[in-house]
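Nothing in this text is a laboratory measurement; each read-out follows from the coordinates by a stated rule. Fair warning: this is a prediction, and the values are worked out from it, not measured in the lab. Quick reminder, even Gly has a Cβ in these numbers, built from the backbone with ideal geometry, and neighbours come from all protein chains shown.
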Amino acid sequence: MPAETSVPTDPREQVALGCRVLAASGQTDLIWGHVGVPDPAGRGAWIKARGLGFGEVTPDDVVLVDRGGERLAGTGGVHVEYPIHTEILASREGTGCVVHSHAESVVAFSATGMSLRAIGHEGTLFTPPEVARYTDTGDLIRTPELGVDVARAMGDRNALLIPHHGFVSAGPDYAHRGHDGGPARQGLPDAAHRGRGRDWLHLVPR
Ligand SMILES: [Zn+2]
């Protein structure tokens with residue numbers, strides 16, 4: 001009988017656990033990147049406080065922020081890129097979790113302009129069709145207006161590349177985002193493989 005998997009229900013615990021999973025998968029970029037989950041009362045997004053790496057986050061380091069950037073709960077500072085979470089959660093009904101990281105491999109891969117192809121089975125969770133791409137800026141998403149733009153570019157897809165910056169992924173529930181190492185693990189091997197000009201073995205039948 002398979003062991004039961006325990007997924008926390010407290011948003012602070014969800015965010016802290018998600019951050020540590022991202023740390024374990026090598027997605028830390030100093031203090032950047034975040035996991036966000038919706039507030040059950042609809043007040044905004046719970047995200048990790050600023051100034052911490054993924055591996056440092058505990059439930060006490062998670063804050064509730066509204067769409068205007070005001071901290072409604074928690075004691076830490078609010079990440080400047082909070083609009084990624086608040087605007088995607090506001091625009092996509094049923095979204096249960098948003099992940100944003102500056103994974104090194106995604107930053108490098110997205111700068112090539114190439115389309116991401118699945119080179120492993122987990123890659124088929126994201127493509128085809130082509131992963132969404134936000135191209136208005138590679139800078140930090142600092143304002144609600146930019147957050148709206150990012151949400152619009154993502155549409156109903158589950159992942160979005162931001163060239164020179166990172167990726168955003170969103171799904172219906174917290175457990176679905178356990179695969180968020182996928183875009184990061186796909187990027188560099190994909191670029192390297194095609195850089196050698198070898199024949200392509202398609203994982204998804206065409
Ligand atoms: Zn970012």
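For the reader, a short list of remarks on this structure follows.
- A cut-off under 14 angstrom between Cβ atoms defines the neighbours of Ala90, and their net charge, with Lys, Arg +1 and Asp, Glu -1, is -2.
- Extreme residue, positive dipole direction of region 11-195, given options Ala73, Gly44, His121 (C-beta unit charges): His121
- Model label points for Arg20 and Glu93, set 7 angstrom from Cα along the Cα-to-Cβ axis, are 3.6 nm apart.
- Residues of region 10-38 falling in the label zone of Val80, defined by backbone nitrogen less than 13 Å from a point 7 Å along Cα to beta-carbon, are 31-33.
- Extents of region 37-147, largest first, come to 41, 30, 28 Å (Cα atoms, principal axes, whole angstrom).
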